[in-house]
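Structure record follows, encoded as C-alpha coordinates.
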Amino acid sequence: MKPLTKLSFKKWILVTSISIFIFSACQKKIDQPSTQEEIASAANSNSQHGHLQQTKTYSSEVVYKWIDMQLRLMQISSPFIGGLPVSRVFGYTGIALYESVVPGMPAYQSLSGQLNQFPDMPNTQAGFAYHWPSNANAAIAAMTRNLFPTASAANKVSIDSLENALNNVYKSSVSIDVWQRSVAFGKSVAQLVFDWAKTDGANHANDAYTLPVGPGLWQPTAPAFAVAFAPYWKNNRQLVVGSFEGADPPPPPTYSTDPTSDFYKMVKEVYDISQTLTAEQRAIGLYYRDNPGFGGGHYMSMLNTVLRQENAALDVSALSFVKAGIASVDAGIECWKVKYTYNNLRPITYIRSVLGYTTWNALFGTPAFPDYISGHSTIGGAVAEVLTSMFGDNYHFTNNTFSYLNMPDQHYSSFYDMAAQVGASRVYAGIHYTISCTEGTKTGRKVAQNILSKVKFLKE
(Lines give C-alpha, C1' and ligand atoms only; values in the text may rest on other atoms or scores of the structure.)
Protein backbone atom coordinates (compact mmCIF):
# COMPACT_ATOMS: atom_id res chain seq x y z
CA MET A 1 0.00 0.00 0.00
CA LYS A 2 1.28 3.39 -0.92
CA PRO A 3 2.03 5.67 2.02
CA LEU A 4 -0.44 8.51 2.56
CA THR A 5 0.76 11.87 1.46
CA LYS A 6 0.04 14.87 3.68
CA LEU A 7 -2.85 15.96 1.41
CA SER A 8 -4.28 12.44 1.19
CA PHE A 9 -4.16 12.11 4.95
CA LYS A 10 -6.21 15.30 5.37
CA LYS A 11 -8.81 14.01 2.91
CA TRP A 12 -8.99 10.70 4.77
CA ILE A 13 -9.56 12.50 8.07
CA LEU A 14 -12.34 14.65 6.52
CA VAL A 15 -14.16 11.68 4.98
CA THR A 16 -13.90 9.69 8.19
CA SER A 17 -15.26 12.58 10.26
CA ILE A 18 -18.24 13.09 7.97
CA SER A 19 -19.02 9.38 8.07
CA ILE A 20 -18.94 9.32 11.87
CA PHE A 21 -21.21 12.41 11.99
CA ILE A 22 -23.74 10.87 9.61
CA PHE A 23 -23.72 7.57 11.52
CA SER A 24 -24.20 9.38 14.85
CA ALA A 25 -27.06 11.43 13.48
CA CYS A 26 -28.77 8.33 12.16
CA GLN A 27 -28.20 6.55 15.45
CA LYS A 28 -29.74 9.53 17.30
CA LYS A 29 -32.86 9.29 15.10
CA ILE A 30 -33.14 5.62 16.04
CA ASP A 31 -32.51 6.04 19.75
CA GLN A 32 -34.46 9.24 20.49
CA PRO A 33 -38.13 10.07 19.74
CA SER A 34 -38.75 13.01 17.47
CA THR A 35 -39.93 16.25 19.01
CA GLN A 36 -43.41 17.63 18.22
CA GLU A 37 -41.74 20.30 16.09
CA GLU A 38 -39.92 17.63 14.08
CA ILE A 39 -43.12 15.63 13.65
CA ALA A 40 -45.00 18.69 12.44
CA SER A 41 -42.20 19.59 10.06
CA ALA A 42 -42.14 16.09 8.63
CA ALA A 43 -45.91 16.00 8.19
CA ASN A 44 -45.97 19.37 6.49
CA SER A 45 -43.51 18.10 3.89
CA ASN A 46 -45.26 14.76 3.43
CA SER A 47 -47.97 14.85 0.80
CA GLN A 48 -49.52 11.67 2.21
CA HIS A 49 -50.22 13.38 5.52
CA GLY A 50 -51.29 16.77 4.20
CA HIS A 51 -50.70 19.94 6.22
CA LEU A 52 -51.01 20.39 9.97
CA GLN A 53 -53.19 23.48 10.02
CA GLN A 54 -54.61 24.82 13.27
CA THR A 55 -58.32 25.14 14.04
CA LYS A 56 -58.09 28.93 13.92
CA THR A 57 -57.25 28.87 10.21
CA TYR A 58 -60.79 27.76 9.32
CA SER A 59 -64.09 29.60 9.19
CA SER A 60 -67.06 28.76 11.41
CA GLU A 61 -69.44 27.95 8.57
CA VAL A 62 -69.88 24.41 9.90
CA VAL A 63 -70.99 25.80 13.28
CA TYR A 64 -73.40 28.33 11.79
CA LYS A 65 -75.10 25.75 9.63
CA TRP A 66 -75.52 23.19 12.41
CA ILE A 67 -76.89 25.74 14.87
CA ASP A 68 -79.38 26.76 12.18
CA MET A 69 -80.31 23.11 11.74
CA GLN A 70 -80.81 22.48 15.44
CA LEU A 71 -82.90 25.63 15.79
CA ARG A 72 -85.07 24.53 12.89
CA LEU A 73 -85.55 21.13 14.51
CA MET A 74 -86.62 22.89 17.72
CA GLN A 75 -89.20 24.84 15.75
CA ILE A 76 -90.77 22.02 13.80
CA SER A 77 -89.70 18.72 15.32
CA SER A 78 -89.03 19.37 18.97
CA PRO A 79 -89.60 16.77 21.69
CA PHE A 80 -88.92 19.46 24.27
CA ILE A 81 -90.93 21.66 26.60
CA GLY A 82 -89.35 24.83 27.92
CA GLY A 83 -85.71 25.76 28.13
CA LEU A 84 -84.22 22.91 30.17
CA PRO A 85 -83.93 20.10 27.62
CA VAL A 86 -82.92 22.60 24.94
CA SER A 87 -80.09 23.91 27.10
CA ARG A 88 -78.96 20.30 27.44
CA VAL A 89 -78.67 20.10 23.63
CA PHE A 90 -76.72 23.36 23.74
CA GLY A 91 -74.32 22.05 26.38
CA TYR A 92 -73.55 18.59 25.04
CA THR A 93 -73.28 19.73 21.43
CA GLY A 94 -70.86 22.45 22.51
CA ILE A 95 -68.71 19.96 24.38
CA ALA A 96 -68.57 17.57 21.41
CA LEU A 97 -67.69 20.43 19.06
CA TYR A 98 -64.90 21.68 21.31
CA GLU A 99 -63.40 18.25 21.92
CA SER A 100 -63.46 17.46 18.20
CA VAL A 101 -61.31 20.48 17.29
CA VAL A 102 -59.27 21.29 20.41
CA PRO A 103 -56.31 19.13 19.29
CA GLY A 104 -55.85 21.80 16.61
CA MET A 105 -55.70 24.55 19.25
CA PRO A 106 -52.17 24.26 20.70
CA ALA A 107 -52.76 26.61 23.63
CA TYR A 108 -55.92 24.80 24.75
CA GLN A 109 -56.66 21.46 26.34
CA SER A 110 -59.33 18.80 26.56
CA LEU A 111 -61.93 19.00 29.34
CA SER A 112 -61.25 15.39 30.34
CA GLY A 113 -60.65 15.25 34.07
CA GLN A 114 -62.33 18.63 34.56
CA LEU A 115 -66.00 18.10 33.81
CA ASN A 116 -68.00 15.94 36.18
CA GLN A 117 -67.33 12.22 35.42
CA PHE A 118 -66.29 13.18 31.90
CA PRO A 119 -64.48 10.33 30.12
CA ASP A 120 -61.05 10.57 28.54
CA MET A 121 -61.27 11.80 24.98
CA PRO A 122 -59.45 10.05 22.09
CA ASN A 123 -56.09 11.30 20.93
CA THR A 124 -55.24 12.38 17.42
CA GLN A 125 -52.42 10.52 15.67
CA ALA A 126 -49.17 12.37 16.13
CA GLY A 127 -47.77 13.66 12.86
CA PHE A 128 -50.99 13.10 10.92
CA ALA A 129 -53.04 16.01 9.66
CA TYR A 130 -56.71 16.60 10.42
CA HIS A 131 -59.24 18.80 8.68
CA TRP A 132 -60.93 20.41 11.66
CA PRO A 133 -64.18 21.44 9.93
CA SER A 134 -64.61 17.78 8.96
CA ASN A 135 -64.03 16.77 12.58
CA ALA A 136 -66.66 19.28 13.70
CA ASN A 137 -69.15 18.28 11.01
CA ALA A 138 -68.99 14.62 11.97
CA ALA A 139 -69.25 15.37 15.70
CA ILE A 140 -72.18 17.78 15.52
CA ALA A 141 -74.07 15.65 13.00
CA ALA A 142 -73.83 12.65 15.31
CA MET A 143 -74.89 14.69 18.34
CA THR A 144 -77.84 16.13 16.44
CA ARG A 145 -79.11 12.67 15.52
CA ASN A 146 -78.72 11.49 19.10
CA LEU A 147 -80.25 14.54 20.77
CA PHE A 148 -83.27 14.78 18.45
CA PRO A 149 -84.47 11.17 18.56
CA THR A 150 -88.05 12.02 17.61
CA ALA A 151 -87.17 13.96 14.46
CA SER A 152 -89.46 13.10 11.58
CA ALA A 153 -88.24 11.03 8.64
CA ALA A 154 -88.07 14.21 6.55
CA ASN A 155 -85.99 15.99 9.18
CA LYS A 156 -83.65 13.01 9.48
CA VAL A 157 -83.10 13.32 5.74
CA SER A 158 -82.33 17.03 6.27
CA ILE A 159 -79.70 16.14 8.86
CA ASP A 160 -78.10 13.66 6.47
CA SER A 161 -78.25 16.17 3.63
CA LEU A 162 -76.46 18.89 5.59
CA GLU A 163 -73.73 16.54 6.73
CA ASN A 164 -73.24 15.21 3.18
CA ALA A 165 -73.25 18.67 1.61
CA LEU A 166 -70.51 19.87 3.95
CA ASN A 167 -68.54 16.67 3.45
CA ASN A 168 -68.65 17.07 -0.32
CA VAL A 169 -67.08 20.51 0.06
CA TYR A 170 -64.46 19.28 2.49
CA LYS A 171 -63.49 16.22 0.45
CA SER A 172 -62.66 18.49 -2.46
CA SER A 173 -60.18 20.49 -0.37
CA VAL A 174 -58.19 17.75 1.39
CA SER A 175 -56.91 14.27 0.60
CA ILE A 176 -59.29 11.39 1.20
CA ASP A 177 -57.15 9.91 3.98
CA VAL A 178 -57.13 13.22 5.90
CA TRP A 179 -60.89 13.54 5.49
CA GLN A 180 -61.58 9.96 6.60
CA ARG A 181 -59.29 10.32 9.61
CA SER A 182 -61.06 13.56 10.59
CA VAL A 183 -64.54 12.10 10.26
CA ALA A 184 -63.60 9.05 12.31
CA PHE A 185 -62.18 11.24 15.07
CA GLY A 186 -65.27 13.50 15.19
CA LYS A 187 -67.60 10.51 15.39
CA SER A 188 -65.58 8.88 18.16
CA VAL A 189 -65.72 12.09 20.21
CA ALA A 190 -69.48 12.42 19.71
CA GLN A 191 -70.11 8.82 20.77
CA LEU A 192 -68.18 9.25 24.01
CA VAL A 193 -69.90 12.55 24.79
CA PHE A 194 -73.36 11.16 24.10
CA ASP A 195 -72.76 8.00 26.14
CA TRP A 196 -71.72 10.25 29.02
CA ALA A 197 -74.77 12.49 28.51
CA LYS A 198 -77.11 9.50 28.83
CA THR A 199 -75.99 9.00 32.42
CA ASP A 200 -76.76 12.54 33.67
CA GLY A 201 -80.17 11.69 35.16
CA ALA A 202 -82.34 13.69 32.75
CA ASN A 203 -84.41 10.58 31.95
CA HIS A 204 -85.67 10.68 35.58
CA ALA A 205 -86.62 14.37 35.57
CA ASN A 206 -90.33 13.58 35.28
CA ASP A 207 -90.57 10.62 37.62
CA ALA A 208 -93.70 10.38 39.76
CA TYR A 209 -94.00 13.47 41.95
CA THR A 210 -96.26 14.34 44.87
CA LEU A 211 -97.13 18.01 44.72
CA PRO A 212 -96.76 19.80 48.07
CA VAL A 213 -99.98 21.51 49.15
CA GLY A 214 -100.34 24.58 51.33
CA PRO A 215 -100.73 28.37 51.39
CA GLY A 216 -98.44 30.09 48.91
CA LEU A 217 -97.27 26.87 47.25
CA TRP A 218 -97.33 26.35 43.52
CA GLN A 219 -100.32 24.68 41.95
CA PRO A 220 -101.21 23.98 38.30
CA THR A 221 -102.34 27.13 36.53
CA ALA A 222 -105.06 28.10 34.05
CA PRO A 223 -105.83 27.43 31.31
CA ALA A 224 -104.05 24.08 30.86
CA PHE A 225 -103.63 23.13 34.55
CA ALA A 226 -100.67 20.98 33.50
CA VAL A 227 -98.83 18.87 36.06
CA ALA A 228 -95.43 19.96 37.38
CA PHE A 229 -92.72 19.75 34.75
CA ALA A 230 -89.32 18.18 35.50
CA PRO A 231 -89.49 18.25 39.31
CA TYR A 232 -86.35 16.09 39.50
CA TRP A 233 -84.25 18.02 36.98
CA LYS A 234 -82.59 19.48 40.06
CA ASN A 235 -80.97 16.05 40.58
CA ASN A 236 -79.24 16.02 37.19
CA ARG A 237 -75.48 15.70 37.23
CA GLN A 238 -74.01 19.17 37.03
CA LEU A 239 -71.31 19.52 34.42
CA VAL A 240 -68.84 21.35 36.67
CA VAL A 241 -68.44 20.34 40.30
CA GLY A 242 -68.73 23.45 42.45
CA SER A 243 -70.61 25.53 39.88
CA PHE A 244 -73.41 26.16 42.42
CA GLU A 245 -71.12 27.59 45.12
CA GLY A 246 -72.55 30.87 46.41
CA ALA A 247 -75.26 30.87 43.73
CA ASP A 248 -78.33 30.18 45.87
CA PRO A 249 -80.59 33.26 46.02
CA PRO A 250 -82.19 34.51 49.23
CA PRO A 251 -85.69 33.16 50.01
CA PRO A 252 -88.63 34.92 48.35
CA PRO A 253 -90.92 37.09 50.49
CA THR A 254 -92.92 35.15 53.07
CA TYR A 255 -96.39 34.29 51.81
CA SER A 256 -99.10 36.61 53.04
CA THR A 257 -102.49 37.93 51.94
CA ASP A 258 -102.05 41.11 53.97
CA PRO A 259 -102.16 44.13 51.59
CA THR A 260 -99.26 45.69 53.52
CA SER A 261 -97.02 42.62 53.14
CA ASP A 262 -94.08 42.33 50.77
CA PHE A 263 -95.67 39.31 49.14
CA TYR A 264 -98.92 41.13 48.37
CA LYS A 265 -97.01 44.11 46.97
CA MET A 266 -94.84 41.81 44.87
CA VAL A 267 -97.89 40.29 43.19
CA LYS A 268 -99.79 43.57 42.93
CA GLU A 269 -96.90 45.01 40.93
CA VAL A 270 -97.33 42.29 38.29
CA TYR A 271 -101.04 43.02 38.05
CA ASP A 272 -100.52 46.79 37.83
CA ILE A 273 -97.92 46.39 35.06
CA SER A 274 -100.32 44.18 33.12
CA GLN A 275 -102.90 46.96 33.12
CA THR A 276 -100.57 49.60 31.69
CA LEU A 277 -98.45 47.67 29.18
CA THR A 278 -97.13 49.72 26.29
CA ALA A 279 -97.06 48.24 22.81
CA GLU A 280 -93.27 47.84 23.14
CA GLN A 281 -93.53 46.06 26.50
CA ARG A 282 -96.18 43.72 25.14
CA ALA A 283 -93.97 42.92 22.14
CA ILE A 284 -91.01 42.19 24.43
CA GLY A 285 -93.15 39.97 26.63
CA LEU A 286 -94.30 37.94 23.64
CA TYR A 287 -90.85 37.84 22.06
CA TYR A 288 -89.40 35.78 24.89
CA ARG A 289 -92.32 33.40 24.93
CA ASP A 290 -89.93 31.43 22.68
CA ASN A 291 -92.70 29.68 20.90
CA PRO A 292 -92.73 27.38 19.06
CA GLY A 293 -90.31 25.05 20.73
CA PHE A 294 -87.31 27.27 21.35
CA GLY A 295 -86.80 27.59 25.08
CA GLY A 296 -83.07 27.77 25.73
CA GLY A 297 -82.49 27.57 21.99
CA HIS A 298 -83.03 31.32 21.94
CA TYR A 299 -79.54 31.71 23.41
CA MET A 300 -78.06 29.46 20.71
CA SER A 301 -79.68 31.73 18.14
CA MET A 302 -78.18 34.85 19.72
CA LEU A 303 -74.77 33.17 19.93
CA ASN A 304 -74.98 32.35 16.24
CA THR A 305 -75.76 36.00 15.48
CA VAL A 306 -72.75 37.18 17.50
CA LEU A 307 -70.38 34.66 15.91
CA ARG A 308 -71.47 35.71 12.44
CA GLN A 309 -71.10 39.36 13.41
CA GLU A 310 -67.56 38.63 14.58
CA ASN A 311 -66.78 36.54 11.52
CA ALA A 312 -65.35 34.22 14.15
CA ALA A 313 -62.76 31.59 13.33
CA LEU A 314 -63.58 27.99 14.21
CA ASP A 315 -61.56 28.03 17.44
CA VAL A 316 -63.45 31.08 18.78
CA SER A 317 -66.80 29.54 17.87
CA ALA A 318 -65.90 26.27 19.60
CA LEU A 319 -64.82 28.10 22.76
CA SER A 320 -67.91 30.32 22.81
CA PHE A 321 -70.25 27.40 22.17
CA VAL A 322 -68.80 25.13 24.83
CA LYS A 323 -68.57 27.80 27.54
CA ALA A 324 -72.08 29.15 26.97
CA GLY A 325 -73.49 25.64 26.65
CA ILE A 326 -71.94 24.36 29.88
CA ALA A 327 -73.10 27.48 31.74
CA SER A 328 -76.67 27.14 30.46
CA VAL A 329 -76.87 23.50 31.57
CA ASP A 330 -75.62 24.07 35.11
CA ALA A 331 -77.61 27.29 35.50
CA GLY A 332 -80.76 25.37 34.58
CA ILE A 333 -80.08 22.65 37.15
CA GLU A 334 -79.40 25.23 39.87
CA CYS A 335 -82.56 27.12 38.92
CA TRP A 336 -84.73 24.00 39.18
CA LYS A 337 -83.19 23.16 42.53
CA VAL A 338 -84.31 26.57 43.79
CA LYS A 339 -87.74 26.32 42.16
CA TYR A 340 -88.60 23.03 43.82
CA THR A 341 -87.08 24.11 47.14
CA TYR A 342 -89.49 27.03 47.59
CA ASN A 343 -92.38 25.88 45.36
CA ASN A 344 -93.52 29.49 45.10
CA LEU A 345 -96.91 30.04 43.45
CA ARG A 346 -97.31 31.90 40.17
CA PRO A 347 -98.84 35.38 39.81
CA ILE A 348 -102.01 34.14 38.09
CA THR A 349 -102.98 32.03 41.08
CA TYR A 350 -102.68 34.88 43.60
CA ILE A 351 -104.15 37.53 41.30
CA ARG A 352 -107.27 35.44 40.74
CA SER A 353 -107.76 34.01 44.22
CA VAL A 354 -106.48 36.79 46.52
CA LEU A 355 -106.64 40.02 44.52
CA GLY A 356 -110.01 38.90 43.20
CA TYR A 357 -109.45 39.41 39.46
CA THR A 358 -110.92 36.02 38.60
CA THR A 359 -110.68 36.35 34.82
CA TRP A 360 -107.17 37.84 34.68
CA ASN A 361 -104.71 36.15 32.31
CA ALA A 362 -101.04 36.42 31.52
CA LEU A 363 -100.01 37.23 27.93
CA PHE A 364 -99.63 33.50 27.34
CA GLY A 365 -99.99 30.29 29.29
CA THR A 366 -97.94 30.19 32.49
CA PRO A 367 -95.30 27.41 32.38
CA ALA A 368 -96.03 24.39 34.55
CA PHE A 369 -93.50 24.76 37.35
CA PRO A 370 -92.95 26.99 40.39
CA ASP A 371 -92.18 30.69 40.05
CA TYR A 372 -89.05 31.40 42.06
CA ILE A 373 -86.56 31.83 40.38
CA SER A 374 -87.12 32.56 36.68
CA GLY A 375 -85.58 29.96 34.36
CA HIS A 376 -85.19 32.33 31.42
CA SER A 377 -83.51 34.90 33.66
CA THR A 378 -81.14 32.36 35.20
CA ILE A 379 -79.97 30.88 31.90
CA GLY A 380 -79.90 34.34 30.32
CA GLY A 381 -77.67 35.62 33.12
CA ALA A 382 -75.30 32.67 32.72
CA VAL A 383 -75.00 33.08 28.95
CA ALA A 384 -74.56 36.86 29.31
CA GLU A 385 -71.69 36.35 31.75
CA VAL A 386 -69.90 33.93 29.42
CA LEU A 387 -70.32 36.01 26.28
CA THR A 388 -69.17 39.14 28.10
CA SER A 389 -66.01 37.28 29.10
CA MET A 390 -65.51 36.34 25.43
CA PHE A 391 -66.44 39.54 23.60
CA GLY A 392 -66.43 42.26 26.25
CA ASP A 393 -69.01 44.60 27.72
CA ASN A 394 -70.63 47.40 25.73
CA TYR A 395 -71.18 44.93 22.90
CA HIS A 396 -73.93 45.95 20.49
CA PHE A 397 -75.89 43.31 18.60
CA THR A 398 -79.35 42.61 17.25
CA ASN A 399 -81.51 39.62 18.08
CA ASN A 400 -83.47 38.59 15.00
CA THR A 401 -84.40 35.11 16.20
CA PHE A 402 -88.09 35.51 15.38
CA SER A 403 -87.93 37.52 12.20
CA TYR A 404 -89.50 34.50 10.48
CA LEU A 405 -92.60 35.20 12.58
CA ASN A 406 -92.49 38.90 11.64
CA MET A 407 -91.73 39.84 15.25
CA PRO A 408 -89.70 43.04 15.74
CA ASP A 409 -85.96 42.59 16.24
CA GLN A 410 -84.52 43.30 19.67
CA HIS A 411 -81.43 45.49 20.04
CA TYR A 412 -78.92 45.38 22.89
CA SER A 413 -75.98 47.50 24.00
CA SER A 414 -74.41 44.65 25.97
CA PHE A 415 -74.98 41.04 26.93
CA TYR A 416 -76.05 42.19 30.39
CA ASP A 417 -78.57 44.47 28.69
CA MET A 418 -79.91 41.37 26.92
CA ALA A 419 -80.22 39.46 30.21
CA ALA A 420 -82.05 42.38 31.85
CA GLN A 421 -84.54 42.52 28.98
CA VAL A 422 -85.11 38.77 29.21
CA GLY A 423 -85.99 39.18 32.90
CA ALA A 424 -88.25 42.17 32.28
CA SER A 425 -90.08 40.26 29.54
CA ARG A 426 -91.28 37.66 32.05
CA VAL A 427 -92.79 40.38 34.25
CA TYR A 428 -94.40 42.08 31.26
CA ALA A 429 -95.89 38.71 30.29
CA GLY A 430 -97.35 38.30 33.77
CA ILE A 431 -95.74 34.95 34.51
CA HIS A 432 -93.03 36.01 37.00
CA TYR A 433 -92.44 38.49 39.79
CA THR A 434 -89.66 41.06 39.46
CA ILE A 435 -87.63 39.49 42.26
CA SER A 436 -87.78 36.10 40.56
CA CYS A 437 -86.12 37.62 37.50
CA THR A 438 -83.52 39.84 39.17
CA GLU A 439 -82.42 37.06 41.52
CA GLY A 440 -82.50 34.55 38.69
CA THR A 441 -80.12 36.69 36.65
CA LYS A 442 -77.75 36.99 39.61
CA THR A 443 -77.84 33.24 40.16
CA GLY A 444 -77.06 32.50 36.51
CA ARG A 445 -74.18 34.93 36.47
CA LYS A 446 -72.69 33.39 39.60
CA VAL A 447 -72.93 29.88 38.17
CA ALA A 448 -71.11 31.08 35.03
CA GLN A 449 -68.46 32.86 37.07
CA ASN A 450 -67.81 29.65 38.98
CA ILE A 451 -67.49 27.68 35.77
CA LEU A 452 -65.10 30.18 34.21
CA SER A 453 -62.91 30.12 37.31
CA LYS A 454 -62.89 26.34 37.77
CA VAL A 455 -62.58 25.00 34.23
CA LYS A 456 -59.18 25.55 32.66
CA PHE A 457 -59.48 25.72 28.90
CA LEU A 458 -55.97 27.08 28.44
CA LYS A 459 -53.02 24.83 29.14
CA GLU A 460 -51.06 25.73 32.26
### Summary
When restricted to Ala420, Ala424, the only residue under 30 Å from Thr254 (Cα atoms) and in contact (Cβ under 8 Å) with a residue 40 or more places away in the chain is Ala424
### Extreme residue, farthest from Glu334 (Cα to Cα), among residues of the range 422-450 that are buried (at least 24 other Cβ atoms within 10 Å of the Cβ) and among the hydrophobic types (A, V, I, L, M, F, W, C)
Ala429
### Query
Within the range 361-378, how many residues are assigned to a loop (DSSP other than H, G, I, E, B) and out of contact with any strand residue (DSSP E or B) (no Cβ under 7 Å at 6 or more places or on another chain)?
11
### Query
Which members of the range 302-333 meet the condition of being buried (at least 22 other Cβ atoms within 10 Å of the Cβ) and of a type outside the set (A, V, I, L, M, F, W, C)?
Asn304, Asp315, Ser317, Ser320, Lys323, Gly325, Ser328, Asp330, Gly332
#### Entry: Inter-residue pairs, beta-carbon under 7 Å, first charged (D, E, K, R) and in the range 202-226, second surrounded by 10 or more Cβ atoms within 10 Å (Cβ to Cβ), 6+ apart
Asp207/Tyr232
### Boolean, Phe244 is buried (at least 19 other Cβ atoms within 10 Å of the Cβ), of a type outside the set (Val, Ile, Thr) and closer than 27 Å to Leu363 by Cβ
no
### Message
Whether any residue in the range 364-377 is touching a helix residue (DSSP H, G or I) at 6+ places or on another chain (Cβ under 6 Å), farther than 20 Å from Ala226 by Cα and not basic (Lys, Arg) is what I want to check.
### Response
yes
### Task
Give the residue that is farthest from the chain's Cα centre (by Cα), with candidates limited to residues of the range 66-116 that are buried (at least 24 other Cβ atoms within 10 Å of the Cβ), among the β-branched types (Val, Ile, Thr) and modelled with pLDDT under 95.
Val86
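Yes/no matrix, rows are residues, columns are (1) more than 30 Å from Ser112 (Cβ to Cβ); (2) part of a loop (DSSP other than H, G, I, E, B):
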{"position": "Thr359", "(1), (2)": "yes, yes"}
{"position": "Gly380", "(1), (2)": "no, no"}
{"position": "Leu387", "(1), (2)": "no, no"}
{"position": "Tyr416", "(1), (2)": "yes, no"}
### Query
From the list Ala429, Ala419, which one is among the hydrophobic types (A, V, I, L, M, F, W, C), farther than 25 Å from Val240 by Cα and either in the same structural domain as Ala448 (by TED's automatic domain parsing) or at pLDDT below 95 (or both)?
Ala429
### Query
Quick one: Thr210 ticks every box in (1) surrounded by fewer than 21 Cβ atoms within 10 Å (Cβ to Cβ); (2) under 27 Å from Met105 (Cβ atoms) bar one, so which box is it?
(2)
### Summary
Per the filter on the range 133-157, residues surrounded by 18 or more Cβ atoms within 10 Å (Cβ to Cβ) and either outside the structural domain of Glu61 (by TED's automatic domain parsing) or over 22 Å from Trp196 (Cβ atoms) (or both) are Pro133, Ser134
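The values are calculated or read from the model by the stated rules, or taken from the named source; none is laboratory data. Here the structure is a predicted model, which means the values were calculated and not measured. No Cβ is skipped: glycine too gets one built from the backbone with ideal geometry, and neighbour counts run over all protein chains shown.
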